[in-house]
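What follows is a set of notes on a single structure, which appears directly below.
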Amino acid sequence: MLDSFIPVELAVAPNPLGLPFNLKLTTIPIDARTCFELWMPDAHKALLPEEAMLLRGDRARLEEICAKLTDLLGASLSHDESLHYQVTVDRWQGVRSALYDAGADFDAIGVTYVPQSLYPSPTSKGGLTAWTLQEARWDVSFLNLQPLPLGFRAQTLPFKVTIAFGQSITKFVQTAPVLARRA
């Protein structure tokens, strides 16, 4: 019997021998009882060789987690610089194939959880015309580790995978005056 969608052996990030200076241990929620950990690099600092090795070594585990989520919910692959490039996939292998076809080779994976949000969509005149409900999602980024004289720099590739169930929902509203009621 399955106890959790993400088994404990996958959920726990590898424990390095020393404390990483330029990596942050991040917990990514799946639901109210399930989460997983990963090491995320600081975007502005160089990585030590041991930290780069930790990120590279953890890639297979994170791909397995992303594969489980993608196989369950589906995903879309997009390119930061092209509004027209979007590939919808229902298996992680489809993500890997699309990245391979685009020549995007990566060393490590980053995952960010974006919770469900509800936000207004105002008109150009400042009035409210709609509310949009954005589903919770996981944004997967792909990192290339560039060698430096004394370590590595994590460079984010311009590709992003969004794993989510469903699309955003926008509901248009009519504004009605609120009348005060006297008791």
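The values are calculated or read from the model by the stated rules, or taken from the named source; none is laboratory data. The model shown is predicted, which means the values in this text are computed figures rather than measured ones. Positions of Cβ are generated from backbone atoms using ideal geometry, with glycine treated the same way; all protein chains shown enter the neighbour counts. These area figures cover heavy atoms from the full protein model, side chains too; ligands, DNA and RNA do not enter into them. Shrake-Rupley method; radii C 1.70, N 1.55, O 1.52, S 1.80 Å.
Among the residues of the stretch 73-109, what is the count of those that are under 25 Å from Ile6 (Cβ atoms) and in contact (Cβ under 8 Å) with a residue 40 or more places away in the chain? Summing the residues that are under 25 Å from Ile6 (Cβ atoms) and in contact (Cβ under 8 Å) with a residue 40 or more places away in the chain in the stretch 73-109 gives 12. Of the strands (runs of 3 or more DSSP E) that lie entirely inside the stretch 135-175, those containing 2 or more residues that are of a type in the set (A, V, I, L, M, F, W, C), touching a strand residue (DSSP E or B) at 6+ places or on another chain (Cβ under 7 Å) and closer than 22 Å to Ser78 by Cα span 137-148, 151-164.
Pairs linking a residue in the stretch 140-165 that is at positive phi to a residue that is part of a strand (DSSP E or B), with Cβ atoms under 9 Å and 6 or more positions apart or on different chains, are Gly151/Leu47. Considered as a group, the residues in the stretch 63-86 that are closer than 11 Å to Phe159 by Cα and of a type outside the set (S, T, N, Q) include one that is least open to solvent (accessible area, probe 1.4 Å), and that residue is Leu77. The requirement of being of a type in the set (Gly, Ala, Ser) and modelled with pLDDT of 90 or more is not satisfied by Ser124.
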